[in-house]
Amino acid sequence: MRVALNAVFLDPGVSGGPETYLRGLAGALPDVAPGLELEILTTRRGASALRADGFDGVVALRVDEGQRLRRLYAEEVLVARAARARGADLLHSLASIGPARTGRLP
């Protein structure tokens, strides 16, 4: 099973609770669900921070913190497209904002 995590909210060191949840969940899933393919869809800066901390499967979307309208577009449209393009079976939006429509994931 392939799971995509919507982490477009991630502003490393600023996001607080949602960031803690993301890091804990993404760190634990490979151990509790062997064979699970995990991808984290996030901002460019978020991707850099996660990769530096040893996370695999990190995908940087073309959005950065502080770009309010671009981030909203990413949450509403780009995340679903990226998940679908990567063959995700499940898209989990961690911070209460998710795509307006996901369509059918494979």
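The values are calculated or read from the model by the stated rules, or taken from the named source; none is laboratory data. Note that this is a predicted model, so its numbers are computed, not measured. Cβ sites come from the backbone with ideal geometry, for glycine too, and all protein chains shown count toward neighbours. These area figures cover heavy atoms from the full protein model, side chains too; ligands, DNA and RNA do not enter into them. Shrake-Rupley method; radii C 1.70, N 1.55, O 1.52, S 1.80 Å.
For region 18-64, averaging the sequence separation of C-alpha pairs within contact (under 8 Å, six or more residues apart) and dividing by the residue count gives a relative contact order of 35 percent. Across the chain, C-alpha contacts under 8 Å between residues 6 or more apart give a mean separation that, scaled by the residue count, equals a relative contact order of 35 percent. The phi-based Karplus calculation (6.51 cos²θ - 1.76 cosθ + 1.60; θ = phi - 60°) puts the 3J(HN,Hα) values of region 78-88 at 5, 4, 5, 4, 5, 4, 5, 4, 9, x, 5 Hz, whole numbers, x for Gly and Pro.
The charge dipole of the chain, taken about its Cα centre with unit charges on the Cβ of Lys, Arg, Asp and Glu (plus for the first two, minus for the last two), comes to roughly 480 debye. Shown here are the Rg and Dmax of the Cα trace of the chain, at 12.6, 37 Å.
Surface composition of the chain: carbon and sulfur make up 52 percent of the accessible area, probe 1.4 Å. Please compute the net charge surrounding Ile40, taking Lys and Arg as +1 and Asp and Glu as -1 over other residues with Cβ under 15 Å from its Cβ. Surrounding charge for Ile40 is -1.
Considering only Ala49, Phe9, Tyr73, and ranking their Cα positions along the charge dipole of the chain that arises from unit charges at the beta-carbon of Lys, Arg, Asp and Glu, the one farthest toward the positive end is Tyr73. Using R0 = 35 Å, the C-beta based FRET efficiency linking Gln67 and Asp31 works out to 0.55. Just Ala28, Ala60, Ala83 to compare: in a GNM of the chain, with alpha carbon springs under 10 Å, which one fluctuates most? Checking each option, the largest mean-square fluctuation is seen for Ala28.
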